[in-house]
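Shown next, in structure tokens, is the structure this report addresses.
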Amino acid sequence: MERRDVRGHYEELAAEYDEHWVYGPAYIPWMSARIAEALRLTVTDRIADIGCGTGLFAREVARAVRPRHPVLCVDPSEGMLRQIGAPPPPGLTPIVASAEDVAEEQIELPYKQLDAMWLKESVHHLPNPAHTLRGLADRLAPGGRLLVVMLPATIRYPLFAAALARFEELQPDPADVVKHLGAAGLDAGLSHVEHELRIDRDTYFGMVRARYMSLLSTFSDSEIEDGIEEMRAAHPEPVLVFPDRFAFALGTLGRQRGEVG
């Protein structure tokens, strides 16, 4: 098994990242709306997208919610953040930092406290998710919300068998994330959302070849090509149709805990 460092993986993918994640015109608005609904975002919220990548979802959330305070786009990859734009569009503030940096207060944010933050498909990169989520919870204002968006323990993607097996081996259990949020002092719960994806078969094979999922960076070039051949045989149809199901682990901080101005 070939392993690559996560930051290096995203630096290499940065220039093409949006191409590989915009499955179709409806996907980004759909997911962004689900995030905004789950977090109950308002125009007065101080918001952060932790592990924002190129800001795909933060940009759409800012467009839809129009918060008075710019959304903080936090990511350790400078290459990914550069895709947001220079200068960044109004309503977004890029910050080069990891989730651990924020949780451990290694970086000073523009806002002393946050009313809402989310991590989308990045919790599996955390070496110590319980510790990091506790630190992020400590940066919430009273009534603040922390949302972890992640794939469930099993997925129905048209990937090759070894990739699906490795996903199940490496993917954290959303129920454990809910426990971490509860241990951090938040009122926590779990829900799910689902979106049907329709992707041209060759386009999807190209996404796999480009390792659009960090999971795929654990396979060598030859393993990827063998996997694509397996997928080609299993899926002769020109358009791949499959469900994209997400777990939403949401934690809310009670207003009784130490209000800070």
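The values are calculated or read from the model by the stated rules, or taken from the named source; none is laboratory data. This one's a predicted model, so the numbers in the text were calculated from it and none came from an experiment. Glycine gets a Cβ as well: all are built from the backbone with ideal geometry, and neighbour counts include every protein chain shown.
Here are some notes:
- When every residue of the range 54-68 is checked against the conditions, none turns out to be in contact with a strand residue (DSSP E or B) (Cβ under 6 Å, 6 or more places away or on another chain), in contact (Cβ under 8 Å) with a residue 40 or more places away in the chain and more than 24 Å from S214 (Cβ to Cβ).
- Flag for L13 being on the phi < 0 side of the Ramachandran plot and modelled with pLDDT of 95 or more: no
- Residue in the range 163-171 that is over 30 Å from A234 (Cβ atoms) and either buried (at least 16 other Cβ atoms within 10 Å of the Cβ) or not polar (S, T, N, Q) (or both) present: no
- Selection within the range 104-117 - crowded, with 22+ Cβ neighbours inside 10 Å and either in contact with a Phe, Trp or Tyr (Cβ under 7 Å, 6 or more places away or on another chain) or of a type in the set (A, V, I, L, M, F, W, C) (or both): L114, A116, M117
- In the range 160-183, of all residues being hydrophobic (A, V, I, L, M, F, W, C) and more than 20 Å from the chain's Cα centre (by Cα), the one that is nearest to E229 (Cα to Cα) corresponds to F160.
- Close pairs (9 angstrom Cβ cut-off, 6 or more residues apart or separate chains): farther than 13 Å from L215 by Cα in the range 152-163, part of a helix (DSSP H, G or I) and among the basic types (K, R) anywhere: P158/R201
- Condition met for L119 (in contact (Cβ under 8 Å) with a residue 24 or more places away in the chain, closer than 22 Å to V65 by Cβ and more than 18 Å from the chain's Cα centre (by Cα)): no
- For the criterion of being within 22 Å of A33 (Cα to Cα) and either in a loop (DSSP other than H, G, I, E, B) or of a type in the set (K, R) (or both), R211 fails.
- Residues satisfying the stated conditions in the range 200-217, i.e. among the aliphatic types (A, V, I, L, M) and crowded, with 17+ Cβ neighbours inside 10 Å: M207, V208, M213, L215, L216
- In the range 86-109, the residues that are without any contact (Cβ under 8 Å) to a residue 24 or more places away in the chain and closer than 23 Å to V43 by Cα form Cβ pairs under 6 Å with partners that are of a type outside the set (A, V, I, L, M) and assigned to a loop (DSSP other than H, G, I, E, B), at six or more places apart or across chains, as follows: T93/P70.
- The lone exception for K179 - which of (1) charged (D, E, K, R); (2) buried (at least 17 other Cβ atoms within 10 Å of the Cβ); (3) modelled with pLDDT of 95 or more it fails: (2)
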